[in-house]
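This report refers to the structure that appears directly beneath it.
No value in this document is a laboratory result; all are computed from the given coordinates. Keep in mind it's a predicted model, so treat the numbers as computed, not measured. In this analysis, Cβ positions are derived from the backbone assuming ideal geometry, glycine residues included, and neighbour counts consider all displayed protein chains.
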Amino acid sequence: TTLNSNSFARNLLRLYSQVPLRVPITLPNGFTYEQPTGLFINGEFVASKQKKTFDVINPSNEEKITTVYKAMEDDVDTAVAAAKKAFETKWSIVEPEVRAKALFKLADLVEENKETLAAIESMDNGKSLFCARGDVALVSKYLRSCGGWADKIYGNVIDTGRDHFTYSMKEPLGVCGQIIPWNFPLLMWSWKIGPALATGNTVVLKPAETTPLSALFASQLCQEAGIPAGVVNILPGSGRVVGEKLSAHPDVKKIAFTGSTATGRHIMKVAADTVKKVTLELGGKSPNIVFADADINKAVENIAFGIFYNSGEVCCAGSRIYIQDTVYEEVLEKLKDYTESLKVGDPFNEEVFQGAQTSEKQLHKILEYVDVAKSEGARLVTGGVRHGNKGFFVKPTVFADVKEDMRIVKEEVFGPIVTVSKFSTVDDVIAMANDSQYGLAAGIHTNDINKAIDVSKRVKAGTVWVNTYNNFHQNVPFGGFGQSGIGREMGEAALSNYTQTKSVRIAI
Ligand code: TAP
């Protein structure tokens, strides 16, 4: 009885002590802004039906930032119904120019709010302001690019002889469920909603539980941009409840997911019951190759940027470095010095390159991989420890002299840890580079254009960077070969994830 009355009291307390739907938050840089904390459904911030909430933690100081409402299955039903209605009555039937204008306006609003958005992202995710500003810049460019596509979704007139008139159209799919990770919360929000909205779909998006703040803040900008109520719905909540329900929901016609390969595989299975279209952007273990004829100093900067950018929490991180034998010691020495020169710490310090890992779970996962690498016999060149004892910081870490069958070479760590291997011939390094279940990206550093073209052709990866790395552009498709995913984001390629072809034959 005591237990029952205790839980009754707890439920009552939950129902009557509601979290406000907006709270003032003072950012670490001293600025104050208003953070929405509700679910964004049908153009309004609302409490979850069951009044459940969760705390959002700042990974740089381990303190609570705020509490937000946590969506449950019944909230998913409400949001999907709102998105379905908005699809049928508004967004899919307007002149495409209306969608274009709204996306252009949204891009402008992101630009106008760029410092606030970058600061929210740094506070919530732990990434340095330097990285967060880069994300926000790409967000506005990408949304603008989507606005440009919105009125250029064309079908074909197909010659089928004199007795028929035949044409095809590209139609939207309907309500799209979108599930995004915590490493690029705002950027993934834009990669998901941009092409979906441009092609006339409506969305229910679930941000990662660790990082819900920027997507909630940005959904107000959707309203301001004139995107009708119900077109964009945001449901903070857990993957196992909200993500699962979206993947199974019969009124959700498509799932777009970015995250781990294991979760992607699971989502595909759940979505199979209702035969949803599924696009996946998953993990990676991307090779980054330095040939002896490269500009060595530039190559060193690129390979360090390739792994330590965004604290190593990048699906396409160049986490396997391959150095040609004749320059192996020289590059390794320079990489060690360069890595040790990178400033780690408070993301709001303008000089900091690498901020905090996003969660305590990631911190532990990364440090466990340090132990794995050591026990496998990899040579620790630098790093390999936590940085400080408050906040989830890890020193940029380099392991050399690894063997290709070690777990540290095979498995995605998703942190600032890189392995370095030696190779002698082009054929050898291609075999090593392609020996992976993944195929998201690859880097090549050489001054020989023929070698660059040859290796780019032979390496199995969705993106190949030559003499650069982690270099994104809104018009360039991004996505994986092999178990790194299905479908491409950005550029024209992203549009086909959100349209279906209808063929019409008229007998004359
Ligand atoms: P995931 O499980 O893949 O999380 C990504 C998103 O999927 C989150 O929004 C998550 O929700 C949701 N999710 C989790 N389980 C789900 C389910 N059963 N159905 C539908 N959605 C579900 O990744 P994680 O556990 O946070 O991180 C583990 C590892 O995944 C990392 O160490 C890293 O190796 C990899 N990872 C890769 C990427 C990219 S971009 N390739 C991104 C993140 C992580 P919650 O809010 O409940 O977490």
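Data table
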read-out: Over region 380-508, relative contact order from alpha-carbon pairs under 8 Å, at least 6 apart, %; value: 15
read-out: Peptide ranges 318-325, 161-168, 360-367 listed from the most packed, as the mean C-beta count within 10 angstrom indicates; value: 318-325, 360-367, 161-168
read-out: Spherically averaged projected area in nm², based on the convex hull that wraps the Cα atoms of region 318-417; value: 6.5
read-out: Surface/4 estimate of mean projected area, convex hull on alpha-carbon atoms of region 244-326, nm²; value: 7.0
read-out: Average projected area [Cα convex hull, region 366-508], square nanometres; value: 13.5
read-out: Gain upon complete extension [Phe31, Lys152; 0.36 nm per residue less C-alpha separation]; value: 39.5 nm
read-out: Estimated D of region 89-226 in µm² per second, where Rh is the Kirkwood radius over Cα pairs and Stokes-Einstein applies at 4 °C, 1.567 mPa s; value: 81
read-out: Extension gain (nm, one decimal) between Ile449 and Asp77, 0.36 nm per residue minus Cα-Cα; value: 128.5 nm
read-out: Inter-probe distance in nm under a simple model that places probes 7 Å from Cα toward Cβ, at Asp337 and Glu88; value: 6.8
read-out: Where a label projected 7 Å from the Cα of Asp251 along Cα→Cβ would reach, residues of region 214-233 with amide N under 17 Å; value: 229-233
read-out: Burial ranking of peptide ranges 327-337, 199-209, 299-309 (average Cβ count within 10 Å, highest at the top); value: 199-209, 299-309, 327-337
read-out: Size of the chain as Cα extents on the principal axes (Å, biggest first); value: 80, 65, 45
read-out: The chain: relative contact order as a whole-number percent, Cα under 8 Å and 6+ apart; value: 17
read-out: Over 15 Å [Cα-Cα, region 39-126], rounded percent; value: 73
read-out: Dipole axis of the chain (+1 Lys, Arg; -1 Asp, Glu on Cβ), positive-most option in Phe217, Leu335, Asn470; value: Phe217
read-out: Sorted peptide list for 411-420, 384-393, criterion being average Cβ within 10 angstrom, highest first; value: 411-420, 384-393
read-out: For Asn29, net neighbour charge (Lys/Arg +1, Asp/Glu -1) across residues whose Cβ lies under 11 Å away; value: -3
read-out: Sequence-distant aspartates and glutamates (8 or more away, or on other chains) whose Cα lies within less than 16 Å of Lys410; value: Glu368, Asp371, Glu376, Asp401, Asp435
read-out: Inter-label distance, nm, simple model (7 Å from Cα along the C-beta direction), Glu411/Lys101; value: 5.4
